[in-house]
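The values are calculated or read from the model by the stated rules, or taken from the named source; none is laboratory data. Since this is a predicted model, take the numbers as computed values, not measurements. With ideal geometry, Cβ positions are generated from the backbone for all residues, glycine too; neighbour counts draw on all protein chains shown. Protein only, heavy atoms only, side chains kept; ligands, DNA and RNA dropped before computing areas. Shrake-Rupley method; radii C 1.70, N 1.55, O 1.52, S 1.80 Å.
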Amino acid sequence: MWNVKGLSPASLASYDTIVLGGSLYAGCMGGLSFLTRHAKAQKWVLFTCGAADPALEVIRQNIRDNVEKALPENRRDTPLFFLRGGLDYSRLSPLHRLIMWAFHQAILKKKDLTEVDRQILNTYGKTLDFTRRETLQPIVDFLQKA
């Protein structure tokens, strides 16, 4: 497992399949642009990890739509898995804290709240950890069958 920031494009050449796990920032998957630029020959398996609950179809569809927009046309059938991660406001940069505050303020002004809105309001400013090791199993199973 490597962080994309320290990875050279040449280091990908020896792999047949690349599994990219990316955090979500406003629905965009971290690391995906690196993969689209430098891993053109390999098979890809993607998983996202964010604070929003992927058990909600609206969350999965939003992520899927954003990831598909970022993928080249010939990669739109790439397997995509959804994991729930966490969020620690104390570790956010000042810019990210500001963005979350503005997002929170916008939701407070809404008249009709969605389930996602309610989750955001209930967890704003808190440290969240929804990670579960067993949620990796479907990815492992998929890779073993591939």
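Could you list all residues from region 1-53 that are closer than 26 Å to LYS145 by Cα and basic (Lys, Arg)?
The answer is LYS40, LYS43.
Out of everything in region 32-41 that is more than 16 Å from the chain's Cα centre (by Cα) and over 16 Å from LEU80 (Cβ atoms), what residue ends up being least open to solvent (accessible area, probe 1.4 Å)?
HIS38
Only residues that are in a loop (DSSP other than H, G, I, E, B) and either among the aromatic types (Phe, Trp, Tyr) or surrounded by 11 or more Cβ atoms within 10 Å (Cβ to Cβ) (or both): list them for region 99-125, please.
LEU113, THR114, TYR124, GLY125
Residue under question is PHE130, and the condition is that it be in contact (Cβ under 8 Å) with a residue 24 or more places away in the chain, closer than 24 Å to PHE142 by Cα, in contact with a helix residue (DSSP H, G or I) (Cβ under 6 Å, 6 or more places away or on another chain) and of a type outside the set (Asp, Glu); does it hold?
Judged against the criteria, PHE130 is not a match.
Taking into account only those residues within region 3-15 that are surrounded by fewer than 10 Cβ atoms within 10 Å (Cβ to Cβ) and more than 26 Å from ASP65 (Cα to Cα), which is modelled with the lowest pLDDT?
My answer is GLY6.
Select from region 16-31 the residues that are out of contact with any strand residue (DSSP E or B) (no Cβ under 6 Å at 6 or more places or on another chain) and either under 23 Å from LEU98 (Cα atoms) or open to solvent by less than 20 Å² (accessible area, probe 1.4 Å) (or both) and list them in ascending order.
Selection gives TYR25, ALA26, GLY27, CYS28.
If ALA52 passes every condition in (1) at pLDDT 90 or above; (2) over 25 Å from TRP2 (Cβ atoms) but one, which one does it miss?
Result: ALA52 fails condition (1) only.
Check whether at least one residue in region 44-54 is outside any loop (DSSP other than H, G, I, E, B), among the polar types (S, T, N, Q) and open to solvent by 70 Å² or more (accessible area, probe 1.4 Å), and report yes or no.
Checking region 44-54: not a single residue is outside any loop (DSSP other than H, G, I, E, B), among the polar types (S, T, N, Q) and open to solvent by 70 Å² or more (accessible area, probe 1.4 Å).
Residues being among the polar types (S, T, N, Q), out of contact with any strand residue (DSSP E or B) (no Cβ under 8 Å at 6 or more places or on another chain) and under 18 Å from GLY50 (Cα atoms): count how many of those fall in region 89-113. Let's see the steps before the verdict.
Applying the first criterion (among the polar types (S, T, N, Q)) to region 89-113 yields 90, 93, 105.
Restricting the remaining residues to those that are out of contact with any strand residue (DSSP E or B) (no Cβ under 8 Å at 6 or more places or on another chain) gives 93, 105.
From what is left, the residues that are under 18 Å from GLY50 (Cα atoms) are 93.
Within region 89-113, residues that are among the polar types (S, T, N, Q), out of contact with any strand residue (DSSP E or B) (no Cβ under 8 Å at 6 or more places or on another chain) and under 18 Å from GLY50 (Cα atoms) number 1.
For ARG60, work out the one condition from (1) basic (Lys, Arg); (2) loosely packed, with under 15 Cβ neighbours inside 10 Å; (3) in a helix (DSSP H, G or I) it doesn't fulfil.
It fails just one condition, (2).
Test LEU71 against the criterion of being open to solvent by less than 70 Å² (accessible area, probe 1.4 Å) and either of a type outside the set (S, T, N, Q) or at pLDDT below 95 (or both), and give yes or no.
Yes; evaluated as a whole, the condition is true for this residue.
Condition (residue is in contact (Cβ under 8 Å) with a residue 24 or more places away in the chain and charged (D, E, K, R)) applied to region 91-114: is it met by at least one residue?
no
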